[in-house]
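A short write-up of the structure that comes next.
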Amino acid sequence: MASDRIIEIVNSLRNFARLDEADYQKVDIHEGIESALTLLSQKYKDKIEIIKDYGNIPLIHCYPNQLNQVFMNIISNAILAIEGEGSITIKTELC
(Lines give C-alpha, C1' and ligand atoms only; values in the text may rest on other atoms or scores of the structure.)
Protein backbone atom coordinates (compact mmCIF):
# COMPACT_ATOMS: atom_id res chain seq x y z
CA MET A 1 0.00 0.00 0.00
CA ALA A 2 2.82 2.42 0.82
CA SER A 3 4.58 1.61 -2.44
CA ASP A 4 1.36 2.32 -4.37
CA ARG A 5 1.14 5.70 -2.65
CA ILE A 6 4.76 6.48 -3.52
CA ILE A 7 4.15 5.55 -7.16
CA GLU A 8 1.05 7.77 -7.22
CA ILE A 9 2.96 10.72 -5.78
CA VAL A 10 5.89 10.29 -8.17
CA ASN A 11 3.55 10.08 -11.16
CA SER A 12 1.71 13.16 -9.96
CA LEU A 13 4.97 15.06 -9.57
CA ARG A 14 6.03 14.08 -13.07
CA ASN A 15 2.66 15.10 -14.49
CA PHE A 16 2.60 18.31 -12.50
CA ALA A 17 6.09 19.46 -13.41
CA ARG A 18 6.02 18.28 -17.03
CA LEU A 19 9.61 19.43 -17.30
CA ASP A 20 9.98 17.66 -20.61
CA GLU A 21 6.77 19.24 -21.92
CA ALA A 22 7.29 22.99 -21.64
CA ASP A 23 5.88 23.58 -25.12
CA TYR A 24 2.38 24.58 -26.12
CA GLN A 25 0.44 21.35 -26.64
CA LYS A 26 -2.85 19.48 -26.26
CA VAL A 27 -3.51 18.12 -22.77
CA ASP A 28 -6.25 16.63 -20.62
CA ILE A 29 -6.89 19.20 -17.89
CA HIS A 30 -8.35 16.53 -15.64
CA GLU A 31 -4.87 14.99 -15.36
CA GLY A 32 -3.50 18.32 -14.12
CA ILE A 33 -6.29 18.68 -11.58
CA GLU A 34 -5.76 15.13 -10.34
CA SER A 35 -2.02 15.72 -10.00
CA ALA A 36 -2.59 18.86 -7.95
CA LEU A 37 -5.08 17.02 -5.72
CA THR A 38 -2.64 14.18 -5.14
CA LEU A 39 0.19 16.54 -4.24
CA LEU A 40 -2.05 18.51 -1.87
CA SER A 41 -3.82 15.52 -0.35
CA GLN A 42 -1.99 15.73 2.98
CA LYS A 43 -3.37 19.25 3.45
CA TYR A 44 -7.01 18.25 3.09
CA LYS A 45 -7.34 14.59 3.98
CA ASP A 46 -9.67 13.80 6.88
CA LYS A 47 -11.12 17.35 6.94
CA ILE A 48 -12.13 18.41 3.44
CA GLU A 49 -14.20 16.41 0.99
CA ILE A 50 -13.28 16.85 -2.68
CA ILE A 51 -16.30 16.58 -4.96
CA LYS A 52 -15.33 16.08 -8.59
CA ASP A 53 -17.84 16.63 -11.38
CA TYR A 54 -15.76 16.21 -14.51
CA GLY A 55 -17.51 16.74 -17.81
CA ASN A 56 -16.65 15.14 -21.11
CA ILE A 57 -14.38 17.84 -22.48
CA PRO A 58 -11.82 17.72 -25.28
CA LEU A 59 -8.08 18.11 -24.90
CA ILE A 60 -7.07 21.76 -24.80
CA HIS A 61 -4.09 23.62 -26.22
CA CYS A 62 -2.01 25.15 -23.43
CA TYR A 63 1.30 25.23 -21.61
CA PRO A 64 0.76 22.25 -19.25
CA ASN A 65 3.28 23.27 -16.61
CA GLN A 66 1.72 26.72 -16.27
CA LEU A 67 -1.84 25.36 -16.20
CA ASN A 68 -0.90 22.81 -13.53
CA GLN A 69 0.52 25.63 -11.40
CA VAL A 70 -2.80 27.47 -11.71
CA PHE A 71 -4.68 24.37 -10.52
CA MET A 72 -2.27 23.96 -7.63
CA ASN A 73 -2.72 27.59 -6.55
CA ILE A 74 -6.52 27.59 -6.80
CA ILE A 75 -6.93 24.32 -4.92
CA SER A 76 -4.38 25.33 -2.29
CA ASN A 77 -6.20 28.64 -1.74
CA ALA A 78 -9.53 26.82 -1.42
CA ILE A 79 -8.04 24.46 1.18
CA LEU A 80 -6.63 27.37 3.18
CA ALA A 81 -9.97 29.20 3.06
CA ILE A 82 -11.79 26.36 4.81
CA GLU A 83 -11.68 26.50 8.58
CA GLY A 84 -12.34 23.12 10.13
CA GLU A 85 -14.23 20.70 7.92
CA GLY A 86 -15.79 21.44 4.54
CA SER A 87 -15.89 20.51 0.90
CA ILE A 88 -14.46 21.70 -2.39
CA THR A 89 -16.34 21.07 -5.61
CA ILE A 90 -14.40 20.94 -8.86
CA LYS A 91 -16.54 20.96 -12.00
CA THR A 92 -15.52 20.96 -15.63
CA GLU A 93 -17.88 21.30 -18.56
CA LEU A 94 -17.93 22.30 -22.18
CA CYS A 95 -19.59 25.68 -22.66
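With respect to the numbered conditions (1) of a type outside the set (Gly, Ala, Ser); (2) open to solvent by 100 Å² or more (accessible area, probe 1.4 Å); (3) at pLDDT 90 or above; (4) out of contact with any Leu (no Cβ under 7 Å at 6 or more places or on another chain), which one is the sole condition not fulfilled by residue 20?
(3)
Are any residues in region 45-62 part of a strand (DSSP E or B) and among the acidic types (Asp, Glu), and if so, which ones?
49, 53, listed by residue number.
Among the residues of region 25-33, are any open to solvent by less than 50 Å² (accessible area, probe 1.4 Å), at pLDDT below 90, within 15 Å of the chain's Cα centre (by Cα) and within 23 Å of residue 10 (Cβ to Cβ)?
Checking region 25-33: not a single residue is open to solvent by less than 50 Å² (accessible area, probe 1.4 Å), at pLDDT below 90, within 15 Å of the chain's Cα centre (by Cα) and within 23 Å of residue 10 (Cβ to Cβ).
Rundown of residues vs (1) open to solvent by 80 Å² or more (accessible area, probe 1.4 Å); (2) in contact (Cβ under 8 Å) with a residue 40 or more places away in the chain; (3) assigned to a strand (DSSP E or B), yes/no style:
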site: 43; (1), (2), (3): yes, no, no
site: 79; (1), (2), (3): no, no, no
site: 90; (1), (2), (3): no, yes, yes
site: 95; (1), (2), (3): yes, no, no
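Here is a list of conditions, (1) free of Cβ contacts under 8 Å to residues at least 40 places away in the same chain; (2) in contact with an Asp or Glu (Cβ under 9 Å, 6 or more places away or on another chain); (3) assigned to a helix (DSSP H, G or I), and residue 65 meets all of them except one; can you say which number that is?
Only one criterion is unmet by residue 65, namely (1).
The values are calculated or read from the model by the stated rules, or taken from the named source; none is laboratory data. What you are looking at is a predicted structure, and each value in this text was computed from that prediction instead of being measured. FYI the Cβ positions are ideal-geometry reconstructions off the backbone, even for glycines, and counts take in every protein chain you see. All accessible areas refer to the heavy atoms of the entire protein, side chains included, with ligands and DNA or RNA removed. Shrake-Rupley method; radii C 1.70, N 1.55, O 1.52, S 1.80 Å.
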